[in-house]
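Input: a single structure, listed below in structure tokens.
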Amino acid sequence: MVCAVLVPVLPQFQALADCARAIAPRLFALASQGGLAVTRADGSTQPIPVGATPVVLDAAEVARRRDVSALLASAGFKMAQAVVQSPDRAWLLDSLGPIEARVVQRAAPSLFGLAIARVDFFATRHLAALELNATIPAMPGYSDVAADGYIDAVGAHAGLPPAECQRLKAQNGSNTSALHAALLQAFALARGGARPERIALLCRRADAQLTEVTYLARRFRALGTEAEVVHPDELSGTDAVHARGKRFDCVYRHLFVRRLEEAPNPWLEALFSAPERLGAVLLNGPAAHIETKANFALLSRAVAEPPLAARASLTTAELEAIEKTVPWTRRLLGGPSLDPDGRPVPDLLDRVAAEPSRFVLKRAWDYGGKAVFVGSHATDTGFVERARAAFGQALDWPQVVHAAAADTRGGGFIVQERVEVPLERHLVTAGGSVTEVELYVDYSAFCSVGLLPQPAWGGVVRGSASPIVNILGGGGVLPVLTTEVAEALEAALLSTAGRS
């Protein structure tokens, strides 16, 4: 259920709050120029709303959230790898398409880790992990564009010189720089310490996040590594990966393997299945089995089922992270089960249908929030529209529960205990205007699996009027600042006010 009290934003940073409307036009322009936009199917772009009120966290808290996400991602990686290489592989592979499952099964034995992963949290009284993203953990570029644009906009308003703004941006950290470091680190592990000569950022021509991928390539070049955005139809080669007359020894995959179900591509299937045969390091390798929400349900079960935890060799630290942050999650199946309180129930479907305020349903393998149903919002227009899109008709909550249980597409559905999350009041700018809105806000922490030490990952914050927080579904990005950077900007604004 939703908490009734609205959370005040920036209570200890009054000058930052006061300047939000003044800096909004510059912030929006900088964010749009930097690539904070969604690309439509026709190639046109739509700017993503950006918060003129930032989220401020101590640097130590940012690092703590990264470390928690790294434990969860490691646990998810080990669980999925153990399952797909066992006789019970159907637990996860049934969530995938035929080509996707074939590629994952072929690639799994040589998958050594994840250069980048992302865990999506609601951060209320404690962190609540909602999903693990391992196949396209997007938004490292979006997060940098939002934070850098905010620092530049406030800096200009406070009269800070550009060099000081650059210093504050460096102090605030960069997920793009962390991604670049992670790719170099993972490549070196695969190639005996070597550095990639050239990175291909592989995505569709009209990928929704094309502007972000373009930003990443631009930043990688500025960091000293040749990099280009390339598309599937541009790739070729028999013993090496070629595109546009150049050889790429590292491929950063910003392309769902499931796209091969829509447009089969034997060359790409070969690359994804065994990139070493084409002389390339693929980062991340096929990881749909790790990201599927059925795997998240296995992690939740592992806390209560020691044999399952032992099967994936989960450590004490990983199990503690799961127990503290992962809400009760199970496959949505009829029959006896244990409810979130650990009590036996004769039929899980009846239990879920009887208490809509407590549960959320999600298709096991889907993205973009298209098949997510929040019981407490079952009368909302968005719920009705998603039900109609998923099941062909408008349904109430009990009907959705039973329809979802009977729907085996994408591995069927999981049910998760609803996390209470407060609304926050933010000023958001879109199209140059600024609006005060009440938002559901999440926090996504980036991390790596198999890389030590961890790159200097941070996080990204999204806000949405819907409890299903998603950029493509109409959400926006809120800048994340460390406390130290926010204090420096606050001091600059107060100094300017004192001189005027």
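The values are calculated or read from the model by the stated rules, or taken from the named source; none is laboratory data. The model shown is predicted, which means the values in this text are computed figures rather than measured ones. As a convention, Cβ positions derive from the backbone with ideal geometry for all residues, glycine included, and neighbour counts pool all protein chains shown.
The table that follows gives values for the structure above.
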{"read-out": "Scan of the stretch 180-231 for residues that are of a type in the set (Ser, Thr, Tyr) and either closer than 18 Å to Asp249 by Cβ or not in a helix (DSSP H, G or I) (or both), ordered by number", "value": "Thr225"}
{"read-out": "Tally of residues being assigned to a helix (DSSP H, G or I) and touching a strand residue (DSSP E or B) at 6+ places or on another chain (Cβ under 6 Å) across the stretch 28-39", "value": "3"}
{"read-out": "Single match in Asp67, Asp120 (criterion: more than 24 Å from Val434 (Cβ to Cβ), of a type in the set (D, E, K, R) and outside any helix (DSSP H, G or I))", "value": "Asp120"}
{"read-out": "From the options Val360, Val401, residue that is part of a helix (DSSP H, G or I), touching a residue at least 40 places away in the same chain (Cβ under 8 Å), among the aliphatic types (A, V, I, L, M) and over 23 Å from Val83 (Cα atoms)", "value": "Val401"}
{"read-out": "The stretch 1-26 residues that are under 30 Å from Val360 (Cα atoms), paired with ones that are modelled with pLDDT under 90 and acidic (Asp, Glu) (beta carbon under 9 Å, 6 or more apart)", "value": "Met1/Glu420; Val2/Glu420; Cys3/Glu420; Leu6/Glu424; Leu6/Glu438; Val7/Glu424; Pro8/Glu424; Val9/Glu424"}
{"read-out": "Condition check for Pro286: out of contact with any strand residue (DSSP E or B) (no Cβ under 6 Å at 6 or more places or on another chain) and closer than 30 Å to Arg198 by Cβ", "value": "yes"}
{"read-out": "Residues that are within 30 Å of Arg418 (Cα to Cα) and modelled with pLDDT under 75, drawn from the stretch 467-500", "value": "Pro467, Ile468, Val469, Asn470, Ile471, Leu472, Gly473, Gly474, Gly475"}
{"read-out": "Selection from the stretch 358-375 of residues that are closer than 12 Å to Pro398 by Cα and of a type in the set (Gly, Ala, Ser)", "value": "Gly375"}
{"read-out": "Residue that is nearest to Leu36 (Cα to Cα) [pool: residues in the stretch 153-179 that are part of a loop (DSSP other than H, G, I, E, B) and of a type in the set (Gly, Ala, Ser)]", "value": "Ser174"}
{"read-out": "Residue in the stretch 102-113 that is more than 17 Å from the chain's Cα centre (by Cα), closer than 22 Å to Cys250 by Cβ and polar (S, T, N, Q) present", "value": "yes"}
{"read-out": "Qualifying position, being among the small types (Gly, Ala, Ser) and surrounded by fewer than 22 Cβ atoms within 10 Å (Cβ to Cβ), among Ala403, Ala387, Ala371", "value": "Ala403"}
{"read-out": "Criterion violated by Ala186 - all others in (1) buried (at least 22 other Cβ atoms within 10 Å of the Cβ); (2) within 26 Å of Val421 (Cβ to Cβ) satisfied", "value": "(2)"}
{"read-out": "Test: Asp341 is surrounded by 17 or more Cβ atoms within 10 Å (Cβ to Cβ), at negative phi, at pLDDT below 95 and outside any strand (DSSP E or B)", "value": "no"}
{"read-out": "So Ala304, is it closer than 25 Å to Ala134 by Cα, surrounded by fewer than 18 Cβ atoms within 10 Å (Cβ to Cβ) and of a type outside the set (S, T, N, Q)", "value": "yes"}
{"read-out": "Set Ala317, Ala321: member being under 23 Å from the mean Cα position of the chain (by Cα), part of a helix (DSSP H, G or I), in contact (Cβ under 8 Å) with a residue 24 or more places away in the chain and under 16 Å from Phe121 (Cα atoms)", "value": "Ala321"}
{"read-out": "Any chance Ser44 is hydroxyl-bearing (Ser, Thr, Tyr) and surrounded by fewer than 21 Cβ atoms within 10 Å (Cβ to Cβ)", "value": "yes"}
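Residues are listed down the side, and each one gets a yes or a no for (1) at pLDDT 95 or above; (2) among the basic types (Lys, Arg); (3) out of contact with any Pro (no Cβ under 8 Å at 6 or more places or on another chain):
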| site | (1), (2), (3) |
| --- | --- |
| Arg65 | yes, yes, yes |
| Ile116 | yes, no, no |
| Thr124 | no, no, no |
| Ala129 | yes, no, no |
| Gly149 | yes, no, no |
| Asn172 | yes, no, yes |
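Here is a yes/no grid of residues against (1) over 24 Å from the mean Cα position of the chain (by Cα); (2) in contact (Cβ under 8 Å) with a residue 24 or more places away in the chain; (3) within 23 Å of Ala123 (Cα to Cα):
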{"residue": "Ile48", "(1), (2), (3)": "no, yes, yes"}
{"residue": "Pro54", "(1), (2), (3)": "no, yes, yes"}
{"residue": "Ala60", "(1), (2), (3)": "no, no, yes"}
{"residue": "Ala70", "(1), (2), (3)": "no, yes, yes"}
{"residue": "Pro98", "(1), (2), (3)": "yes, yes, no"}
